[in-house]
Amino acid sequence: MNRKTLILSLIGILALVIAPFGQTNYIIYVLTSWLMFSVAAMGLNLTLGYAGQISLAQASFMGIGAYVTAQVTLAGYHWVFGWLLAMGSTFGIGLLLGYPALRVQHHFLAFVTLAFNTIVFLVLRNEEWMTGGSFGLVGMPRPEFFGINTMSPFNFYFFCLALFLVSAAIFAWIVLSPWGRAFKALRENPVRAESLGVNTRRITLLAFAIGSAFGGGAGAIMSPLVQFIEPGSFSLILSLKILLMVVVGGAGFFMGPMLGAAVVILLPEVLRFTEGYYLMIYAFLVIVLLVYSPSGLMGVGKKLVHRFRPSVEVRKDMARGTQL
């Protein structure tokens, strides 16, 4: 990490720390939701943006994580145990879901993950002994750490912020590691990646497993945040919503999920002053963005940087000058 990136990261963290001060409980809840969905979008960004594997199942992993955490906390155990179990279970299920990706690609893979999302939804709705069925589960307690209770929206925001920063640090480590380079190689050209020694089977499975674990982690946050979960909360609509976050923010960019989640979660709240027209304006802005810049907000940023600060490339033969 260079000095400029470090300074920008510290400024961003400082802005997140200051954000809830002086705000109403509802605004703090919206900001907390943004942090939670950013974690889920990070996972999908790893699967889709970096590894190039299309998934419409992120909502189902959030649902699994939320229900696992809810069952653990309602049984009287601390939230941390539910969080670890949610991450572990979704990692294992994501590993299994990755196997179809070894044989099918692109829109065929999207249909496979869509079918998985539907299966999870039906299980959550019909297995009432475990999930409460259509009535869902209610009353999940918010965790307490070292005597500090997170019951208030203000405290829970900082609890969620800490989890967001940990998730972002892990995501950055993965992207900058040899795994991250292997994910990008798999996305660009699987045949060439395999010819260069990349184990495409293992990398494909890891992309699904790690991305799914991020979704399970987001679900573990959702359980104590809303304190009520039911199967309808994890339908295909939510998967498409998370997919929109990744696409709008910029698939394959580190900051893409955060920016995309901000647009999807925060922008409708900003446009509420337009009353009944805010959804139309919101949809129009998203369409214009994707038409102008298919690579999302990060793509717009790159275009602006190149326009006002064009890079100067030096010919390789001229760089060495008279030594040639």
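Yes/no per residue for (1) at pLDDT 90 or above; (2) open to solvent by 20 Å² or more (accessible area, probe 1.4 Å); (3) out of contact with any Phe, Trp or Tyr (no Cβ under 9 Å at 6 or more places or on another chain):
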{"residue": "Pro190", "(1), (2), (3)": "no, yes, yes"}
{"residue": "Leu196", "(1), (2), (3)": "no, yes, yes"}
{"residue": "Gly215", "(1), (2), (3)": "yes, no, no"}
{"residue": "Ile221", "(1), (2), (3)": "yes, no, no"}
{"residue": "Gly250", "(1), (2), (3)": "no, no, yes"}
{"residue": "Phe254", "(1), (2), (3)": "no, yes, no"}
{"residue": "Val263", "(1), (2), (3)": "no, yes, no"}
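Which of the helices (runs of 4 or more DSSP H) found entirely inside the stretch 180-265 contain at least 3 residues meeting this: over 16 Å from the mean Cα position of the chain (by Cα) and among the hydroxyl-bearing types (Ser, Thr, Tyr)?
Numbers: elements: 190-195, 200-226, 236-249, 256-261.
Because the criterion is at least 3 residues that are over 16 Å from the mean Cα position of the chain (by Cα) and among the hydroxyl-bearing types (Ser, Thr, Tyr), the helices (runs of 4 or more DSSP H) in the stretch 180-265 that meet it are 200-226.
The residue list Leu243, Leu238, Leu271 contains one member that is over 24 Å from Leu96 (Cα atoms) and modelled with pLDDT under 95, which is Leu271. Does Arg142 count as touching a Pro at 6+ places or on another chain (Cβ under 9 Å), basic (Lys, Arg) and on the phi < 0 side of the Ramachandran plot? Spelling it out, Arg142 is indeed touching a Pro at 6+ places or on another chain (Cβ under 9 Å), basic (Lys, Arg) and on the phi < 0 side of the Ramachandran plot. Answer with yes or no whether Phe284 is modelled with pLDDT of 80 or more, among the aromatic types (Phe, Trp, Tyr) and part of a helix (DSSP H, G or I). It is true that Phe284 is modelled with pLDDT of 80 or more, among the aromatic types (Phe, Trp, Tyr) and part of a helix (DSSP H, G or I). Of all residues in the stretch 127-143, those satisfying the criterion of being part of a helix (DSSP H, G or I) and surrounded by 13 or more Cβ atoms within 10 Å (Cβ to Cβ) are Thr131, Gly133. Candidates Ile64, Ile13, Ile54: the one that is open to solvent by 10 Å² or more (accessible area, probe 1.4 Å), part of a loop (DSSP other than H, G, I, E, B) and closer than 24 Å to Ile210 by Cβ is Ile54. Can you tell which of Tyr67, Tyr99 is farther than 24 Å from Val248 by Cα, in contact with a strand residue (DSSP E or B) (Cβ under 9 Å, 6 or more places away or on another chain) and either of a type in the set (Gly, Ala, Ser) or in contact (Cβ under 8 Å) with a residue 24 or more places away in the chain (or both)? Going through Tyr67, Tyr99 in turn, just one is farther than 24 Å from Val248 by Cα, in contact with a strand residue (DSSP E or B) (Cβ under 9 Å, 6 or more places away or on another chain) and either of a type in the set (Gly, Ala, Ser) or in contact (Cβ under 8 Å) with a residue 24 or more places away in the chain (or both): Tyr67.
Residue by residue through the stretch 16-44, note down the ones that are on the phi > 0 side of the Ramachandran plot and open to solvent by less than 30 Å² (accessible area, probe 1.4 Å).
First, pick out the residues of the stretch 16-44 that are on the phi > 0 side of the Ramachandran plot: 22.
Within the stretch 16-44, none qualify.
Filtering the stretch 70-96 to residues that are over 17 Å from Leu206 (Cβ atoms), touching a residue at least 12 places away in the same chain (Cβ under 8 Å) and assigned to a helix (DSSP H, G or I) leaves Ala70, Gln71, Val72, Thr73, Leu74, Trp79, Val80, Gly82, Trp83, Leu85, Ala86.
Quick one: which of Phe121, Phe111, Phe154, Phe159 is assigned to a helix (DSSP H, G or I) and open to solvent by less than 50 Å² (accessible area, probe 1.4 Å)?
Working: Phe121 fails: open to solvent by less than 50 Å² (accessible area, probe 1.4 Å); Phe111 fails: open to solvent by less than 50 Å² (accessible area, probe 1.4 Å); Phe154 fails: open to solvent by less than 50 Å² (accessible area, probe 1.4 Å).
Residue meeting the stated conditions: Phe159.
Looking at the stretch 149-167, which of the residues that are touching a residue at least 40 places away in the same chain (Cβ under 8 Å) and not hydrophobic (A, V, I, L, M, F, W, C) is farthest from Leu259 (Cα to Cα)? In this case the residue turns out to be Thr150.
The values are calculated or read from the model by the stated rules, or taken from the named source; none is laboratory data. Owing to the predicted nature of the structure, the values given are computational and were not obtained by experimental measurement. When we count neighbours, we look across all protein chains shown, and the Cβ atoms used for this are built from the backbone with ideal geometry, even at glycine. The protein model used for the area step is the full one, side chains on, heavy atoms only, and it has no ligands, DNA or RNA in it. Shrake-Rupley method; radii C 1.70, N 1.55, O 1.52, S 1.80 Å.
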